[in-house]
């Protein structure tokens, strides 16, 4: 039988193309989650129903079956795509039974607040691959960000525009799924409380660097990922008695103290280092203080230890890998006028 009345070569090519398409479809189907499949199916049904309504309205003006079939295929395709994209927002765990296995994926949702978007470090963290799941950006957060970007204050305006640039940068990352949700809570005026209510609805975590939001969310039983806590945990561990090299930047609050900063911003308070301002010295760590704002290191400057270390570096043979001293461009200023 030859139902299509085509040459054998074309028939064979069509069969190969159809078989390859079916195999590709099955491979893609295995990678799609159950929520996306349900969303795509529901969207297709709604698309077919929409095409039926359009045919009833436009029936007298459409006389060619080709146009009717085209409208049907187009509406079905649109419903399938929209349903698949919105399927991730379905709460299948609430149905229980067979859909209970989807409950664990809800925890992969992470809501971004305004402060962490403006901060910008969230984009660097996302690029490293440490963030997975779905990043949720509420519409009310975008409105607040736009208000900041349109502020009359130039500093606020720059911060708001920086936040919008960070969002565009995150959306372009191929390994991340960024979704903007329209859910709002008109009875709640505060944006932080809206974030907490949204996190309760989706049973997910909030990413922030706001200390107050962190505390309030914990009181409401909402899990928080604090960027500042992550940064503090990555700072190098220093134990009392260790020796470290620091650059004394300014005078401390107490008598004869100097203050230095590490590359990550950690403050180092050094006793007996007031006269060593604008110099790099070796100090001995005496204690480490961990606070909510970060970590502080306390040390002591010993001139004898510093002189011994300098003599050791002077007596050591110079290697090509050692940094060469800079040429003295002028007399060193050793006194500070108060």
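The values are calculated or read from the model by the stated rules, or taken from the named source; none is laboratory data. Values in this document were obtained by computation on a predicted structure and should not be read as measured data. We place every Cβ from the backbone using ideal geometry, glycine too, and count neighbours over all the protein chains shown.
Remark: pairs (first residue in segment 127-139, closer than 25 Å to residue 184 by Cα; second residue exposed (fewer than 12 other Cβ atoms within 10 Å of the Cβ); Cβ separation under 8 Å; 6+ apart in sequence or on different chains) = 139/182.
Summed over segment 140-192, the residues that are part of a helix (DSSP H, G or I) and touching a residue at least 60 places away in the same chain (Cβ under 8 Å) give a count of 2.
Apart from one condition, residue 116 fits all of (1) under 17 Å from residue 208 (Cα atoms); (2) outside any loop (DSSP other than H, G, I, E, B); (3) at pLDDT below 90; the exception is (3). Within segment 85-113, restricting attention to residues that are on the phi < 0 side of the Ramachandran plot and part of a loop (DSSP other than H, G, I, E, B), the residue that is modelled with the lowest pLDDT is 91. Can you name the residue in segment 57-77 that is touching a helix residue (DSSP H, G or I) at 6+ places or on another chain (Cβ under 7 Å) and more than 18 Å from residue 43 (Cβ to Cβ) and, of all such residues, is modelled with the highest pLDDT? Out of the qualifying residues, it is 68. Based on this model, can you work out whether residue 80 counts as at pLDDT 90 or above, touching a helix residue (DSSP H, G or I) at 6+ places or on another chain (Cβ under 7 Å) and assigned to a helix (DSSP H, G or I)? Answer is no for this residue.
Here is the figure for segment 220-265: residues that are surrounded by fewer than 13 Cβ atoms within 10 Å (Cβ to Cβ), without any contact (Cβ under 8 Å) to a residue 24 or more places away in the chain and out of contact with any helix residue (DSSP H, G or I) (no Cβ under 9 Å at 6 or more places or on another chain) total 5.
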